[in-house]
Each structure stands twice: as structure tokens, then as C-alpha cells.
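Participant: Quick one: this structure, given as C-alpha cells, is what I'll be asking you about.
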Amino acid sequence: PPPPRAPLVLTPHLALTMGQQRLLVGGGAVALVLFMLVFQQQSSAPDLPQPSAVRASRPSQSAVDWARLSGADRAREMIRWAKQHGVEINNLEVGEFRKGDVMVRGLRVTEDLHKGDVVARIPMHLVVRRDVVSSIAALAELGWDGLLPDSTVMVVFLMWAARQDDPPEPLPPTMAQALEFVPFAKMLEFLDTPTAAYWPDQQLAELSKTLDPKLESYVEDFVQGVHSRYTEAFGSGPLSLATRFPETFGDLEYYSLERFKHFYSCFASRFWSLTLDHTHHDSFMLPVMDLFNHGERGVILLDYEQGDKGKPAGLVMTAAKHFKAGEEATFWYGNECIAKALVDYGFYDNTMKPC
């Protein structure tokens with residue numbers, strides 16, 4: 001019999017270089033073969049140990065009880081936060097859509113969008129990238145000089161940001177910029193991560209026979225990679241953040257392997273990699289833009305926009321077709337094979353082939 005299904009969370013992972021500063025992404029309806037295996041009917045993230053540090057309140061960040069919000073309400077809160085910080089979002093709202101026999105959270109068009117209309121514009125100061133992460137001295141010293149993989153440093157940054165409620169004052173400007181991402185990190189902390197990396201061995205074995213023979217090996221590689229990166233960052237080795245920076249990263253009850261795996265799964269399903277100018281290639285995360293679900297290729301364009309005349313540089317999404325009010329706005333996640341899609345997202349569609 002088919003395995004049980006649960007509410008679906010679709011999140012993007014684009015590992016595509018943007019030629020000529022433009023990336024074709026997708027939208028519109030697509031016949032997805034939705035496949036989710038979640039064996040506990042919970043609406044929050046995995047049961048992670050709570051941090052032992054006492055937290056005070058920052059009204060702008062901790063007034064939201066992320067743990068109690070539904071997935072759709074978290075998405076709405078992220079949009080509200082993003083607009084407060086300069087993100088332009090036009091004619092889009094959080095909605096629910098039926099995919100197969102499940103309802104999924106996505107972005108719905110509120111008024112007709114015409115070809116060429118700006119769907120969203122994100123200023124660069126709200127892009128999670130290396131200059132933001134490097135504002136944390138320990139990560140700057142151990143991360144971007146190549147001692148730790150970029151992905152590990154980004155995951156540690158998200159874990160660090162998720163527990164920041166009342167940092168010491170005054171803050172240097174770069175640290176203040178890093179703290180702007182606290183709501184984004186908190187949303188990720190309570191996000192479902194129903195990907196193949198969390199599925200029972202018996203189910204993986206069955207799916208390897210019926211869907212993709214490489215699924216088990218992909219899951220094994222992913223889990224081993226997470227363990228290796230965690231040990232490197234928080235073990236007893238010479239690069240250990242817990243040893244070298246105990247005041248910042250010494251609380252291993254909070255910086256646990258399970259929490260690291262959770263945030264790593266969030267990162268793996270949400271990072272973008274593209275060229276921001278003719279010479280610089282960057283990997284980053286885009287809050288709010290990761291709310292788009294997977295769809296057909298080529299109906300939304302993503303461009304890098306140089307800043308001028310008082311307008312900051314940023315990333316701009318424009319419609320490449322006419323969207324009717326009520327339609328879901330989606331984009332194409334990339335040329336994934338089935339096993340990799342299940343490991344990264346927890347679903348596959350009927351255009352994908354075995355790895």
C-alpha cells in the first residue's frame with residue numbers, strides 16, 4: 001500500500017548559475033506527483049532541545065510566537081517582516097492550493113499580473129550572504145577563510161540567529177545587520193523538515209525499489225555529510241567552535257546534532273547560487289522568495305538589478321506571462337532527479353527521472 005501522506009511544505013533549492021545575470025524560473029500549474037512521508041502528525045519542527053540560555057525580549061523580533069503559528073501564518077509573518085525591511089511584493093498573498101489529495105501553502109496572485117510586471121524586489125541588505133555572516137567574529141575567523149565549508153558556516157549562523165532575542169548593546173553596525181535575520185532564523189527553527197533524510201529505513205528501502213534505486217545511497221550521503229560537518233564544527237578537533245569560542249558556541253545542549261541537522265536541511269532546500277555581477281559568484285538565502293512553490297519552467301524571470309539614483313541594488317522577479325487573479329505563482333526549482341528531490345524537498349514531480 002502507498003505510504004501515508006501529510007501536509008506538504010515545498011521549499012526551493014536552486015543551484016544554478018545565472019547566465020548574463022538572468023535566471024529563468026517557473027510558474028503556473030504543473031501536475032505534481034506529490035510524495036510526502038511524515039510519520040508523526042505534528043505541525044512544528046522536530047523535537048529539539050531548548051536552549052539553556054535565558055532570553056530577554058526584543059519587541060521587534062520576539063513578539064511573534066513562532067512555535068504557535070501555522071505554516072501559512074508563519075509565511076504571512078515573514079512577508080510582513082520583509083516589507084518592513086524594504087522588500088517590494090506586488091499582488092501576492094499566502095494561500096492554499098490542492099496538489100493531488102493534499103493542500104499546500106503557496107503564493108496566490110491577488111490581482112492580474114501582466115507580462116513584464118515586477119512580482120517582487122529584494123534589496124541586497126536582506127539577502128543572507130557571506131558579508132552578513134562574517135559580522136559574527138568567530139564565524140568570520142573560521143568560516144570564510146576556508147577552514148570550514150561555507151554551508152557549515154551558514155548553518156551555524158542560522159542556529160546562532162535563532163536564539164538571539166536580547167543581544168548586548170551597543171552593537172556594531174555589521175552585527176546589527178546580522179540580527180535583522182533573527183525572525184527568518186526563528187521561522188526556520190519551527191519549520192517542518194519532512195524530507196527523505198527523516199524517513200524510516202524500511203520505507204527508504206521500498207522507495208528505492210519502486211522510485212529510484214539511488215535513494216538510499218543519497219540519504220546515507222546526506223546524513224553522513226551532516227554528521228561530518230557537525231563534528232568538524234562542534235567536536236573536539238582544532239576547528240571546533242565550541243572549544244575556540246565557548247562564550248558564543250559552547251552550549252552544546254542548544255548546538256546539538258539534531259538541531260544542526262534540522263537547520264542544515266532547511267539550508268539545503270533554500271540556498272541559491274548565481275552570479276551577481278560579471279565576476280562574482282555567490283551562494284545565499286532569500287527570505288520570502290523561498291515561499292514560492294515548485295512549478296513549470298520559464299514564467300518568472302529573476303534579475304540582478306544594479307542600484308542607482310537612490311535605489312539600492314537587489315534582486316528583481318518579473319512575470320514572463322499573464323497571471324490571473326487567484327492563480328498560484330510558482331517557479332522551477334531546477335533539473336533534479338527523483339532521489340535528490342526527495343532528499344532536498346521531500347517530493348518529486350512527474351517530469352523527474354531516477355538519478
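The values are calculated or read from the model by the stated rules, or taken from the named source; none is laboratory data. Model, not experiment: these values are computed from the prediction. Here the Cβ positions follow ideal geometry from the backbone for every residue, glycine too, while neighbour counts run over all protein chains shown. Areas reflect the complete protein model, heavy atoms only, side chains present, ligands, DNA and RNA absent. Shrake-Rupley method; radii C 1.70, N 1.55, O 1.52, S 1.80 Å.
Participant: Tell me which residues, restricted to the stretch 291-327, are at pLDDT below 85, at negative phi and of a type in the set (D, E, K, R).
Facilitator: Glu296, Arg297, Asp303, Glu305, Asp308, Lys311
Participant: Please identify the pairs in which a residue from the stretch 339-354 that is under 17 Å from Asp221 (Cβ atoms) and without any contact (Cβ under 8 Å) to a residue 40 or more places away in the chain has its Cβ atom under 7 Å from the Cβ atom of a residue that is open to solvent by less than 10 Å² (accessible area, probe 1.4 Å) and part of a loop (DSSP other than H, G, I, E, B), counting only partners at least 6 apart or on another chain.
Facilitator: As it stands, the answer is Ala341/Phe347, since those pairs meet every condition given.
Participant: Could you give every pair whose Cβ atoms fall below 7 Å, whose first residue belongs to the stretch 90-110 and is within 15 Å of Met317 (Cα to Cα), and whose second residue is of a type in the set (Ser, Thr, Tyr) and not in a strand (DSSP E or B), counting only separations of at least 6 or pairs across chains?
Facilitator: Listed by first residue and then by second, the contacts come to Asn91/Thr110; Leu92/Thr110.
Participant: Checking Gly334 against (1) surrounded by fewer than 21 Cβ atoms within 10 Å (Cβ to Cβ); (2) over 18 Å from the mean Cα position of the chain (by Cα), which test does it fail?
Facilitator: With respect to (1) surrounded by fewer than 21 Cβ atoms within 10 Å (Cβ to Cβ); (2) over 18 Å from the mean Cα position of the chain (by Cα), Gly334 is out only on (2).
Participant: Go through (1) open to solvent by less than 30 Å² (accessible area, probe 1.4 Å); (2) in a loop (DSSP other than H, G, I, E, B); (3) at pLDDT 90 or above one by one and return the number of the condition Leu191 breaks.
Facilitator: (3)
Participant: Please return the ranges of helices (runs of 4 or more DSSP H) entirely within the stretch 49-141 where 1 or more residues are in contact with an Asp or Glu (Cβ under 9 Å, 6 or more places away or on another chain) and modelled with pLDDT under 80. Before the answer, list the steps.
Facilitator: On the way: elements: 59-62, 71-84, 130-133.
In the stretch 49-141, 59-62, 130-133 are the helices (runs of 4 or more DSSP H) which contain 1 or more residues that are in contact with an Asp or Glu (Cβ under 9 Å, 6 or more places away or on another chain) and modelled with pLDDT under 80.
Participant: Right, next: Restricting to the stretch 233-258, name every residue that is assigned to a helix (DSSP H, G or I) and open to solvent by less than 70 Å² (accessible area, probe 1.4 Å).
Facilitator: Of all residues in the stretch 233-258, those assigned to a helix (DSSP H, G or I) come to 233-234, 241-244, 246-249, 257-258.
Once the filter is applied, which keeps residues that are assigned to a helix (DSSP H, G or I) and open to solvent by less than 70 Å² (accessible area, probe 1.4 Å), the stretch 233-258 yields Ala233, Phe234, Leu241, Ala242, Thr248, Phe249, Leu257.
Residue-wise test of (1) out of contact with any Leu (no Cβ under 8 Å at 6 or more places or on another chain); (2) among the aliphatic types (A, V, I, L, M).
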site	(1), (2)
Ser240	yes, no
Ser273	no, no
Gln306	yes, no
Ala319	no, yes
Gly334	no, no
Tyr348	no, no
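Participant: Any residue at all in the stretch 260-267 that's among the small types (Gly, Ala, Ser), surrounded by 20 or more Cβ atoms within 10 Å (Cβ to Cβ) and in contact with a Leu (Cβ under 8 Å, 6 or more places away or on another chain)?
Facilitator: So far as the stretch 260-267 goes, no, none of its residues is among the small types (Gly, Ala, Ser), surrounded by 20 or more Cβ atoms within 10 Å (Cβ to Cβ) and in contact with a Leu (Cβ under 8 Å, 6 or more places away or on another chain).
Participant: For the structure I just gave you, tell me whether Ala178 is at pLDDT below 80, part of a helix (DSSP H, G or I) and buried (at least 19 other Cβ atoms within 10 Å of the Cβ).
Facilitator: So Ala178 passes the test.
Participant: With the checklist (1) of a type in the set (D, E, K, R); (2) more than 22 Å from Val128 (Cα to Cα); (3) open to solvent by less than 10 Å² (accessible area, probe 1.4 Å) in hand, flag the one item Arg270 doesn't pass.
Facilitator: Condition (2) is where Arg270 drops out.
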